[in-house]
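Working notes, structure below.
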Amino acid sequence: MGCPSRRTPLCLVLALTVGSVLASCGTSAPPPPPASQGLILDRPTPKDVPLVNQLGQATSLRSLTGKVVVLAPFLTLCQDECPLVTGAFISLQRDLRHAGLGGRVAFVEATIDPGRDSVARLAAYAKEFGADWNLWTGTPANVATFWKYFGVSYQVVPEGQPPGLDWYTGRPLTYDVAHTDGYILIGTDGHERFVDASAPNLGGRLNKKLSSLLNTGGRQGLDHPQGPDWTITQALASISWLLRTNVPASGSP
């Protein structure tokens, strides 16, 4: 039965309210990342490739099943993108913890330089630079098997001149490692879900310790990023998609 004419305003308010609630319910889940940002996938990952964390404990992707995993290639002696990724992970982890969702997401930086990234070096990196998450290394064969699945490539290249100094030993560096940029998202079922193969854009903001690792090219990438790239807000939106709840970005470095 229709509403009496004298109550039309109230009926209109109720109708608009119900419609608004329904619309909100229908759009509450965060959308997937846009195609312009990266590649959406749904495929199994190499869950059982044995690696080792910064505590010397055996680990693998299987140990993180049930969590959203944010994975990135890195090396502790990187002088360009990797310190920016570590800085981005610090911000992302902080925002997730502020939202009460820190326990549902696991961050992982896995080396592409197993010849130098020992357990002791990973532990020192975590302590020195605030990498409060999983840092993984392993035998060269296992590291290669792990990253081959994800399409991450890397190769030893000459060190720049004059060579940088090893923050851990104080000695001149003898080589560098060129590698694929970006980060990978893995769903709670262990399937690879999203890849963004570009460098982070931190808007020129990075803490002093991580900034000290950057060479000239790294500082250029921090202060004047050249796209394509990804921001903290974009990465947090992509993680929100897998968590199925919106996580607000703090906007702080």
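Every number here is computed from the coordinates shown, using simple stated rules; none is lab data. Being a predicted model, the structure only gives us computed values, none of them experimental. Here Cβ is always computed from backbone atoms with ideal geometry, including for glycine, and neighbour counts include all displayed protein chains.
Each principal axis of segment 66-181 carries a Cα extent, and these read 45, 30, 23 Å when sorted largest first. Of the residues Arg43, Arg121, the one with the fewest other Cβ atoms within 10 Å heads the list, and the complete ranking is Arg43, Arg121. Protection proxy ranking, highest mean first, for peptides 158-168, 235-245: 235-245, 158-168, where packing is the per-residue count of other beta-carbon atoms within 10 Å, averaged. In the elastic network of the chain, a GNM with C-alpha springs shorter than 10 Å, the most mobile of Glu128, Glu81, Glu109 is Glu128.
Helix 119-129 and the long axis of the chain differ in direction by around 60°, with both axes built from C-alpha atoms. Neighbour counts of C-beta atoms inside 10 Å place Val119, Val52 in the sequence Val119, Val52, starting with the fewest.
Each of Asp48, Asp181 was scored by other Cβ atoms within 10 Å of its Cβ. Arranged with the fewest first, they read Asp48, Asp181. Evaluating kT/(6 pi eta Rh) at 10 °C and 1.306 mPa s, with the Kirkwood radius of segment 33-243 over Cα pairs in the Stokes-Einstein relation, gives 92 µm² s⁻¹. The long axis of helix 140-150 is offset from the longest Cα principal axis of the chain by roughly 30 degrees. Roughly what % of DSSP beta bridges within the chain run antiparallel, to the nearest 5? Restricted to the chain, the bridges split so that about 65 percent are antiparallel.
Seen against the Cα atoms of the chain and their longest principal axis, helix 81-98 is set at about 40 degrees.
Considering only alpha-carbon pairs that sit under 8 angstrom and 6 or more positions apart, the relative contact order computed for the chain is 28 percent.
Stretched out straight at 0.36 nm per residue, the stretch from Thr245 to Thr169 would grow longer than its current Cα-Cα span by 23.0 nm.
Stretching Ser211 away from Gln57 to a fully extended chain increases their span by 52.5 nm, per 0.36 nm per residue minus the current alpha-carbon distance.
Highest-first packing order for the peptide set 217-227, 91-101 is 91-101, 217-227, based on the mean count of other beta carbon atoms within 10 Å. As a check on your grasp of the helix formula, calculate [θ] at 222 nm for the chain: sum -39500 (n - 2.57) over DSSP H runs of n ≥ 4, divide by the residue count, round to the nearest 500. So the helix-based figure for the chain works out to -10000 deg cm²/dmol.
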